[in-house]
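*Asks:* I have a structure I would like to understand better, so I am pasting it below and will then ask my questions one at a time.
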Amino acid sequence: MKINMPRWFYQLASPKWSYDFMGILLPWFATAALLLLGVGFVWGLVFAPPDYQQGNSYRIIFIHVPSAILAQSCFMLMAVASGIGLVWKMKVAHIVAKSAAPIGASMTIIALATGAIWGKPTWGAWWVWDARLTSMLILLFLYVGIIALYSAFSNKSSGEQAAAILTLVGLVNIPIIKYSVEWWNTLHQPATFTLTKKPAMPPEMWLPLLVMVLGYYCFFAFLLMARTRLELLERENKSSWVIALINEKI
Amino acid sequence: MLTVKDLSCERDDRVLFERLNFTLRAGEVLQIEGQNGSGKTSLLRILCGLSSSFEGDIFWQQDNVHEKPTVYLRQLLYVGHHAGIKASLTAEENLRWMQTLHPLLNRCSITYALKQVGLFGYEDVPCYALSAGQQRRVSLARLYLSAHPLWILDEPFTALDKKGVLEKELLIAQHVRGGGLCILTTHHDFDLPDIAVRRLNLDLLVTA
Amino acid sequence: MGYFNSFSDFLDMGGHALYVWLSYAITLLIFIANILSLWLKKRAFFNLAKRHAKREQRNS
Amino acid sequence: MSFFVHTLQRDLLLAFRNRNDIVNPLAFFVIVIALFPLAVSPDASVLSTIAPGIIWVAALLATLLSMDGLFKNDFDDGTLEQVLVSPQSLVLLALGKVFSHWLMSGFLLALLSPLLAVMLFLPTQAILALVSSLLLGTPTLSLIGAIGAGLTVGLRKGGVLISLLVLPLYIPVLIFGAGAVQAGVMGMPIAGYLALLGAIMVFSLMFAPFAVAAALKLSIRN
């Protein structure tokens with residue numbers, strides 16, 4: 001398969017170019033993440049009004065919803081990177097996917113933990129088999145499988161390709177899993193109301209949520225680029241640019 | 001005609017060979033030499049498309065093997081370290097399966113091929129009941145069946161007795177004289193009557 | 001202070017202190033763990049490179 | 001297409017020669033199910049409510065158990081790499097092998113299931129739902145499992161890893177399969193469930209063989 005892509009696409013394929021490019025973006029995303037998350041935390045915890053039904057426990061949504069969104073976006077990103085990596089045999093794309101996996105898994109864990117904790121005052125139990133939580137749990141299993149596959153191969157590039165295939169298979173399955181879990185949930189007494197489906201939220205509530213979502217995205221971008229850069233260094237440790245860079249640092 | 005251009009292979013951070021170039025024409029034999037671990041098997045696997053850890057290009061006739069794999073694979077017979085034999089199938093069933101894989105394994109009948117490797121009368125014995133040497137011979141019976149122009153053989157003479165080795169050498173000579181190509185590795189002193197054997201020593205290639 | 005009358009009110013979170021603060025603590029912990037692991041891996045990489053460079057120097 | 005038929009013939013012949021490999025998963029299926037009355041309660045009302053879930057989970061684990069060996073033997077004795085150096089299509093090979101695997105696992109499990117349904121006091125009107133849901137659901141299990149088997153075939157310790165990779169992907173089949181049986185128990189229509197299981201099967205049939213072929217190629221060229 002040969003498709004001609006714009007020049008920047010092939011530049012991204014060069015490890016050194018990607019390393020430098022991400023190095024330029026990194027401080028910007030780090031600053032933005034710090035600012036947005038700082039503002040979002042204070043806004044959500046202190047200045048947003050309490051919910052008339054749930055009181056203050058609803059403040060958990062400011063960390064739950066963004067992590068749930070990120071957990072899914074991260075999987076999409078991994079799938080896109082894996083696809084690019086497999087089609088164009090692009091090492092950098094595989095490394096991006098590999099670096100994203102643990103971040104995605106930790107976002108899923110945050111979403112699960114905060115969702116479960118929120119459930120205690122709302123539903124009266126630490127864990128409820130609610131459709132969204134269950135889908136999240138399965139997403140975590142998918143992440144765990146992919147991470148396990150990466151580490152099972154002694155040859156890193158084979159591991160990356162294997163995990164890329166699995167990621168794409170997982171991507172195809174996610175809609176089916178979601179649909180089946182929702183179906184299953186409606187059969188067994190659905191939860192009366194969920195963390196996210198709420199009647200029209202006032203701006204004092206969704207504005208801080210928006211800030212938090214943006215903050216999470218910036219934080220994710222920062223972590224992803226930093227991890228990718230490090231992985232690039234490890235993988236290219238024989239090449240002249242990495243050796244030059246190390247000599248500079250020492 | 002098989003052409004190799006700028007072939008490099010690196011495994012586990014070790015360069016096995018770099019910028020390898022050669023052309024093998026019809027009627028030629030290429031023997032790959034080198035110590036254990038010098039990359040002989042890796043080179044053969046790369047030439048068969050069984051390894052992707054390499055850089056460079058391989059051309060069969062004029063076509064890049066990477067672009068037209070089926071055209072190339074149709075012409076290629078590979079005998080590797082593994083016998084490629086199912087233990088619970090009989091010699092005949094194994095060879096018949098190989099024939100479904102390779103349409104060009106049609107030069108003679110299976111019975112004739114088994115007779116040639118001295119396994120006449122064993123065709124309906126499951127392979128697990130055969131000795132290691134006999135299993136090897138089942139695997140090598142492919143060479144009698146083969147009408148493939150290109151043979152790639154990895155240590156074809158292991159587990160064979162003197163007579164068996166001699167027969168296989170003659171078979172290779174016959175194949176090459178008929179316009180075939182053969183690439184092989186072997187520890188044997190290997191000579192073919194009135195055929196020039198080209199040699200490629202991987203130990204002498206890597207300078208670093 | 002925002003929607004809370006006092007700091008102790010804020011800490012109490014209308015009786016939901018345990019849930020709210022536990023959630024935020026877990027989230028922060030995971031954030032910090034991510035950054036920390038990154039930093040440790042980076043340090044390990046450069047330490048290894050440093051040792052490697054020293055060995056090369058001694059050998060040459 | 002004739003290569004598909006040849007692969008199927010060869011694998012069925014191999015399965016017939018190594019009959020133990022067929023019997024073991026079936027025995028596992030029966031034993032696991034027999035554990036539940038001992039662990040939970042022999043009470044008919046308890047057992048009949050959990051029977052759909054038990055039978056489906058046991059069927060799923062039994063298929064998974066035999067999945068590990070699907071490509072392992074061919075990989076170890078070199079017959080798999082011979083397919084890769086031949087002009088034949090790996091996709092058809094995968095399809096043939098998966099079909100033969102299904103005939104030896106899922107299909108036989110479905111035939112065996114009415115017996116176990118009786119042992120778990122499943123009402124007779126649910127048995128049709130059980131058999132048909134297993135017949136439509138287990139091919140998907142074999143297809144998806146083959147992807148996991150292909151990815152791990154070159155690894156020394158593939159067994160547990162396969163389960164880790166594949167089990168999350170089995171969840172939709174489990175939900176609709178067990179759902180169909182439950183609907184059967186309550187005397188509700190099961191056609192919807194069966195249609196969904198069938199749709200998932202057709203969908204996996206279209207995509208999984210390509211993923212399996214890619215996985216095998218990768219594992220051999222490692």
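*Asks:* Measure nothing fancy, just the Cα-based angle from helix A:131-152's long axis to the longest principal axis of chain A, in degrees from 0 to 90, nearest 10.
*Replies:* 20 degrees
*Asks:* Using the alpha-carbon atoms, what tilt in degrees (0 to 90, nearest 10) does helix A:203-235 show relative to the longest principal axis of chain A?
*Replies:* Around 30 degrees separate the two axes.
*Asks:* What lysines does B:Lys163 reach when the alpha-carbon gap must be under 27 Å and sequence neighbours fewer than 8 apart in one chain are set aside?
*Replies:* Straight-line reach from B:Lys163, under 27 Å: B:Lys40, B:Lys86, B:Lys115.
*Asks:* Which whole-number percentage describes the relative contact order of region D:2-221, with Cα contacts under 8 Å and a sequence gap of 6 or more?
*Replies:* Computed over region D:2-221, the figure is 26 percent.
*Asks:* For chain B, what is the Kirkwood estimate of the hydrodynamic radius, computed as the reciprocal of the mean inverse distance between distinct Cα atoms, to one decimal in Å?
*Replies:* Here the Kirkwood hydrodynamic radius works out to 17.7 Å.
*Asks:* With only alpha-carbon atoms counted, please give the Rg and Dmax of region B:90-148, in Å.
*Replies:* 10.3, 30
*Asks:* Averaged over peptide D:84-95, how many Cβ atoms belonging to another chain are found within 10 Å of each residue's Cβ?
*Replies:* The shielding value for this peptide is 5.
*Asks:* Now a separate question. Can you compute the FRET efficiency between C:Ala25 and A:Glu182 using 1/(1 + (r/R0)^6), with r the Cβ-Cβ distance and R0 = 25 Å? Round to the nearest 0.05.
*Replies:* Here the calculated transfer efficiency is 0.20.
*Asks:* Same structure again: Can you give the Rg and Dmax of chain A based on its C-alpha atoms, in angstrom?
*Replies:* 20.4, 63
*Asks:* Moving to a separate point now. Take the alpha carbon atoms of region B:184-207, find their center, do the same for region D:1-62, and report the distance between the two centers in whole angstrom.
*Replies:* Rounded to whole Å, the Cα centres lie 54 Å apart.
*Asks:* Would you kindly state how much longer the chain becomes between B:Glu33 and B:Asp189 on full extension, computed as 0.36 nm times their sequence separation minus their alpha carbon distance, in nm to one decimal?
*Replies:* 55.1 nm
*Asks:* To continue, here is another question. Looking at the protein assembly as shown, what % of its DSSP beta bridges pair antiparallel, to the nearest 5?
*Replies:* 50 percent
*Asks:* Please turn the phi angles of region A:88-97 into ³J(HN,Hα) values with the Karplus equation 6.51 cos²θ - 1.76 cosθ + 1.60 (θ = phi - 60°), one per residue in order, whole Hz, x for glycine and proline.
*Replies:* 9, 6, 9, 4, 4, 4, 4, 5, 4, 4
*Asks:* Taking 0.36 nm per intervening residue step and subtracting the Cα-Cα distance, what contour gain separates B:Leu205 from B:Leu170 on full extension?
*Replies:* 9.6 nm
*Asks:* OK, next. Between helix B:132-145 and chain B, what is the angle of the helix's C-alpha long axis to the longest principal axis, kept within 0 to 90° and rounded to the nearest 10?
*Replies:* Once rounded, the angle reads 80 degrees.
*Asks:* In terms of the Cα gyration tensor, with a ≥ b ≥ c the square roots of its eigenvalues, is region D:2-45 rounded because a/c is under 1.5, prolate because a/b exceeds b/c, or oblate?
*Replies:* prolate
*Asks:* Along the Cα→Cβ direction, 7 angstrom out, place labels at D:Ala195 and A:Ser151. What is the inter-label distance in nm?
*Replies:* 4.5 nm
*Asks:* Return the subset of B:Lys5/B:Lys162; A:Lys89/A:Lys238; A:Lys249/C:Lys54 for which the Cα-Cα distance in this structure is over 25 Å, preserving the input order.
*Replies:* Those over the limit are B:Lys5/B:Lys162.
*Asks:* Less than 25 Å apart at the alpha-carbon level, and either on another chain or at least 8 residues along: which lysines does that give for A:Lys178?
*Replies:* The qualifying lysines are A:Lys98, A:Lys120, A:Lys197, A:Lys198.
*Asks:* Then there is this: Per-residue counts of other Cβ atoms within 10 Å, averaged by peptide: what ranking do you get for D:42-53, A:115-126, highest first?
*Replies:* Per-residue mean Cβ counts within 10 Å order the peptides as A:115-126, D:42-53.
*Asks:* Right, next: Would you list, by chain and number, the aspartates and glutamates whose Cα falls below 14 Å from the Cα of C:Lys50, excluding same-chain residues fewer than 8 positions away?
*Replies:* Straight-distance partners of C:Lys50: A:Glu234, A:Glu248.
*Asks:* Roughly what would the spin-label model give for B:Gln62 and D:Leu13, points 7 Å off Cα along C-beta, in nm?
*Replies:* Those two pseudo-labels are separated by 4.2 nm.
*Asks:* Determine ³J(HN,Hα), in whole Hz, for all residues of region A:243-250 in sequence, where each value follows from phi through the Karplus function 6.51 cos²θ - 1.76 cosθ + 1.60 and θ = phi - 60°; x replaces Gly and Pro.
*Replies:* My calculation for region A:243-250 gives 4, 4, 5, 5, 4, 5, 6, 7 Hz in order.
*Asks:* Enter the mean number of other protein chain beta carbons within 10 Å of the beta carbon of each residue in B:48-58, as an integer.
*Replies:* 3
*Asks:* State whether the protein assembly as shown is rounded, prolate or oblate according to the following rule on the C-alpha gyration tensor (a ≥ b ≥ c being the square roots of its eigenvalues): a/c under 1.5 gives rounded; otherwise a/b larger than b/c gives prolate, and the remaining case gives oblate.
*Replies:* oblate
*Asks:* Roughly how crowded by other chains is peptide A:54-63, in terms of the mean Cβ count from those chains within 10 Å of each of its Cβ atoms?
*Replies:* 6
*Asks:* For region D:2-221, just the Cα atoms, rotate onto the principal axes and tell me the three extents in Å, largest first.
*Replies:* Ordered largest first, region D:2-221 gives principal extents of 57, 33, 29 Å.
*Asks:* Roughly how many nanometres apart are two label points built 7 Å out from the Cα toward the Cβ at C:Lys54 and A:Gln53?
*Replies:* 6.3 nm
*Asks:* How much length, in nm to one decimal, is gained on full extension between A:Leu26 and A:Phe9, taken as 0.36 nm per residue of separation minus their Cα-Cα distance?
*Replies:* Full extension of this stretch gives 4.2 nm more.
The numbers here are math on the coordinates, done by the rules we state, and not lab data. Keep in mind that this is a model prediction, so the values were computed, not measured. Virtual Cβ from ideal backbone geometry, glycine too; neighbours counted across all protein chains shown.
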